[in-house]
Amino acid sequence: MQVLKKFKILIIVLFMLLLLTSCNTNKLGTIVPKDAKAGDLILESFKLKIDKQIYNAEHGTLVVPENWNNDSSKLISLPVLIIHSVDSKPIEPIFYLGGGPGASNMSFKPPHFLLINHDVVLVGYRGADGSMIFDLPEVKKAIKGVGNDLLSKESVINLSRAFDNSFKKLIEKGVDLNCYTMLDVIMDMEAARKALKYDKINLLSDSYGTRVAQIYAYRHPESIFRSVMIGVNTPGGFVWEPDIIDNQIRYYAKLWAKDPECLKLSSDLTKTVHNMSYNMPSHWLFLPINQGKVRTIIFGMFSSRKTAAMAFDALLAAEKGDPSGLALMSIAYNLMVPSSSIWGDLATKAISADFDPDRDYFSEMEPPDAILGAADSKLVWGCTQFFTKLPIKSIPEEFRKVQNSDVETLLISGSVDFSTPAENATKKLLPELSHGKQIIFSEMGHCGDLWSLQPKAFELLLTSFYNTGIADESLVSYLPMDFHVSLGFPEIAKILLLISFVILVALFTLVFFIVRRIKKHKNKI
């Protein structure tokens, strides 16, 4: 029974890792219907099953211009899904804005509590869904790095060339990259709202989607009733800054120091993270360990408190002479990260919003005194300074910064969110919201933690706010951080190695018996 339990945990852990290193790239392609014109919405009714519940729904295609400012622009199409409320007279619909950038907006499965009295609408993101999806195969290959150092200048320049070549090919095909920004996404959403004849809509946004929601409120406040932002990304937030990452690690270290059992494993968690992040061995047995890839995976694991505990566990094991977990992270990077994002969509949205030509991202993302450094930012943002010519223009400055907003807005954050730190929303966004409130879940990470760890509290927050404008946080309770790991990466690595060995032996044995049988058959002849 114990072995079966551990096997189940292993499967769950590997699935969690897959989720962490993939940003919802379940993209949905569509084509522009014949004789279509801008603003057309072609829908078909069907029954949709979500968690054993059947809902009336419609899916289809929204036709929009590539360039909203050009009446003769070519047309593109986007997928649309409307899940109808179980109430015959629902109140304001909820438009969902998912995370990314570089991810589809069509995979959200709304919980039943939202569908009790709201329609829920999904509109695909241009560049990630529909007739124009910027997948960039060259970038998927280059993101694996050159040689044994993912973060070397050679690797970053190689990635820059891959982006450069990919963008040139898109431009040669007639694609206007500057028509795939968040401003264009918002115009698509407005086109869908009008086509569906909704007067006002609610917004529900996660991570990157919260940036879209913010600009939506600035441009079309008359269209929005209420807005809920989960894992709030503020202007500049597409760049993960090393000092903020270090502050979050120190936060975890303080929680660690409160547990006597943890202190027996490491008297200073920040030193353990720093020492093993920059002084890890090059191999475990015959398996290579790529420091940059490991640091990238560790940052991804820090998005959730459960996988953060696993990252610390792997670093502690490595400090004690067992780097097997780090080797598994290197392998996981190669298997999962290249396909984890729609890279062209990520670039057009992030660069147009947050790129600063005066910054030296390659150097700034890895300062000498950093605990972990911002490996992801060094790789992805560092390559922007090596472009032959950056083909993506910045959106207007007014949308690259926080503005005043009167839209009723609820901000929900985790106190240990490495991806979208709560303090950014507290300091930058909240003061500009005349009808804003922020609720911070202590010791929780990014959106996955917020949605799943206190589901009843989360449900009450959303339903009360959408229904009354007041967020009822009476069910929110303190959930202490648990650093205990029942099945860590070092153990998973050894189990997988053993399984691989057994399979290999079985194959050799099978081949041996097949060859032996063939020889016997020949001898009889």
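Coordinate-derived values only; no laboratory data. Bear in mind the structure is a predicted one, so any value in this text is a computation, not a measurement. As a convention, Cβ positions derive from the backbone with ideal geometry for all residues, glycine included, and neighbour counts pool all protein chains shown.
General remarks:
- Once you reduce the range 465-482 and the range 393-461 to the center of their Cα atoms, the two points are 14 Å from each other.
- The range 112-181 versus the range 276-324: alpha-carbon centroid distance in Å: 27 Å
- Take every pair of alpha-carbon atoms less than 8 Å apart whose residues are at least six positions apart; their mean separation over the length of the chain yields a relative contact order of 16 percent.
- Set of lysines with alpha-carbon distance to LYS37 below 22 Å, sequence-local pairs under 8 removed: LYS74, LYS173, LYS194, LYS197
- About its Cα centre, the chain has a charge dipole of approximately 2740 debye under the convention of +1 per Lys or Arg Cβ and -1 per Asp or Glu Cβ, with nothing else charged.
- To the nearest ten degrees, helix 305-319 and the longest principal axis of the Cα atoms of the chain are 30 degrees apart.
- Beta bridges per DSSP with both ends in the chain, % antiparallel, nearest 5: 50 percent
- Rounded to the nearest 10 degrees, the inclination of helix 324-336 to the longest alpha-carbon principal axis of the chain is 40 degrees.
- Nearest-ten-degree value, helix 269-278 long axis tilted from longest Cα axis of the chain: 80 degrees
- For the residue pairs LYS258/LYS306; LYS169/LYS293; LYS52/LYS456; LYS271/LYS378, the alpha carbons lie more than 24 Å apart in LYS169/LYS293.
- Simple spin-label estimate for ASP356 and LYS456 gives 4.5 nm between the two label positions (7 Å along the Cα-to-Cβ direction from each Cα).
- Estimated FRET transfer efficiency when R0 is 30 angstrom, pair LYS428-GLU473 (beta carbons, to 0.05): 0.85
- The chain - mean residue ellipticity at 222 nm from DSSP helices (-39,500 (n - 2.57) per run, n ≥ 4, rounded to 500): -13500 deg cm²/dmol
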